[in-house]
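Please treat every number below as a calculation from the coordinates, not as lab data. Quick caveat: nothing in here was measured; it's all calculated off a predicted structure. Note: ideal-geometry Cβ built from the backbone for every residue, glycine included; neighbour counts use all protein chains shown.
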Ligand SMILES: [Zn+2]
């Protein structure tokens, strides 16, 4: 058995399993206390021993195994988490080799191996919810770069105003996230029905972000997930919005909803652990 930990901005999921199947799982709030979270993860893996553990964490984080701050959370507006040595806290409590990446990179791995992007060597997983984030697989390899891509913070054309990103205002996340849509429309996204015209602007904003991602990474497939990103209202409008934006200059990638649903990240983390163990 292998272990997976997906640490998101609001909740953390621990799971054991193999070959893309989850055997046992537990879920708890991520909270503001990293030691308390590491304790809960350790309790879970004490009851379910594993050969190795993959960790997919919210970012920004340091996923470079050669770096002195490997596995640390970097600057984050999330209270209690800036500079936290997440991997160190887990490794001090759980006796298993560990490997860490971002939550969205883990989701990209899960979707590529067992979900909607199965067998695809060039794929992007994008989540749109409280924030916007993306993970990429390029020519079959995970793309980290210096730290990791931050697709949610690419700059946007002049489509909308009033963006909510504390760092950049009208960046992709600032305009497309759930809080951004709520601020624009005066009600939470989950209360906006599928036939509401508000989705037209949301789809044009998301398509602008997908346009830049498509032109930069040339994915065959972009999987759009997350609480807001999984809405069928958005998926119905996105292909046409993206095609119109690309204007036939490059072929549009296939757009898909996550085949693994909300489990993409934790299954990707499990898969990372299994790959790590099996070399
Ligand atoms: Zn931003």
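In table form, for the structure just shown:
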quantity	calculated
Inverse mean reciprocal Cα-Cα distance (Kirkwood Rh) of the chain, Å	18.8 Å
Per residue, the convex hull volume that the Cα atoms of region 38-167 enclose (Å³)	146 Å³
Set of region 1-25 residues, backbone N closer than 13 Å to the point 7 Å along the Cα-Cβ line of residue 96	1-6, 14-19, 22-25
Share antiparallel - DSSP beta bridges, the chain, percent rounded to 5	60 percent
Relative packing of 118-127, 102-111, 83-92, which averages over residues the other C-beta atoms within 10 Å, highest first	102-111, 118-127, 83-92
Over the chain, relative contact order from alpha-carbon pairs under 8 Å, at least 6 apart, %	23 percent
Over region 190-279 - Rg/Rh using Cα atoms and the Kirkwood inverse-distance radius	1.06
In degrees, nearest ten, helix 232-246 long axis to first principal axis of the chain (Cα)	70 degrees
Between region 1-33 and region 124-157, the alpha-carbon center distance in angstrom	21 Å
Calculated [θ] (222 nm, deg cm²/dmol) that DSSP helices of n ≥ 4 give over the chain, each run adding -39,500 (n - 2.57)	-10500 deg cm²/dmol
Three principal axis lengths of region 129-174 [C-alpha, angstrom, descending]	37, 20, 18
Rounded to 5, percent antiparallel among DSSP beta bridges of region 116-256	55 percent
Mean projected area (nm²) of the alpha-carbon convex hull when region 116-256 is viewed from all directions	8.1 nm²
